[in-house]
Amino acid sequence: MPEFETYVDVSVDEFLSACGSREIEKLIEALIEDGYLDQKTVKNQEHNPKSLMEEEWDMVIENLKEKRLNLSNEDEEIVKLISKKY
């Protein structure tokens, strides 16, 4: 039997626009399973809208996560002590 190859160029925006809510949920689940999304973050956004202070705190924490390798050993120890304090 002959074999055929096809190539379809679809942009991410086109793909997402064509998805229904069920497909989007499956996509989110797949992204969580593959480690691209944090399940806690996704669940918090679905059920509890964040206050301005919570969003600011999340930005601060995300900044720390991104800059972790730039922190001095002393700064890293301070962050660890703070996290263990509570």
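The values are calculated or read from the model by the stated rules, or taken from the named source; none is laboratory data. None of the values given here were measured: they were computed from a predicted structure. Neighbour counts run over all protein chains shown; Cβ positions are idealised from the backbone, glycine included.
Which condition breaks for LYS50 when tested against (1) within 22 Å of ILE28 (Cβ to Cβ); (2) exposed (fewer than 10 other Cβ atoms within 10 Å of the Cβ)?
Every condition holds for LYS50 apart from (2).
Going through the range 5-20 one residue at a time, which ones are among the small types (Gly, Ala, Ser) and surrounded by 10 or more Cβ atoms within 10 Å (Cβ to Cβ)?
Taking the range 5-20 as the starting set, the residues that turn out to be among the small types (Gly, Ala, Ser) are 11, 17-18, 20.
Passing the criteria: none in range.
State the number of residues belonging to the range 33-53 that are assigned to a helix (DSSP H, G or I), within 16 Å of the chain's Cα centre (by Cα) and modelled with pLDDT of 90 or more.
Number satisfying all stated conditions: 1.
Does at least one position in the range 12-20 carry a residue that is assigned to a loop (DSSP other than H, G, I, E, B) and of a type in the set (Ser, Thr, Tyr)? Spell out the reasoning first.
Taking the range 12-20 and keeping what is assigned to a loop (DSSP other than H, G, I, E, B), we get 19-20.
Still in the list and also of a type in the set (Ser, Thr, Tyr): none.
No, the range 12-20 has no match at all.
Could you tell me whether any residue of the range 21-29 is assigned to a helix (DSSP H, G or I), out of contact with any helix residue (DSSP H, G or I) (no Cβ under 6 Å at 6 or more places or on another chain) and either loosely packed, with under 10 Cβ neighbours inside 10 Å or in the same structural domain as VAL79 (by TED's automatic domain parsing) (or both)?
Checked against the condition, which is being assigned to a helix (DSSP H, G or I), out of contact with any helix residue (DSSP H, G or I) (no Cβ under 6 Å at 6 or more places or on another chain) and either loosely packed, with under 10 Cβ neighbours inside 10 Å or in the same structural domain as VAL79 (by TED's automatic domain parsing) (or both), the range 21-29 yields at least one hit.
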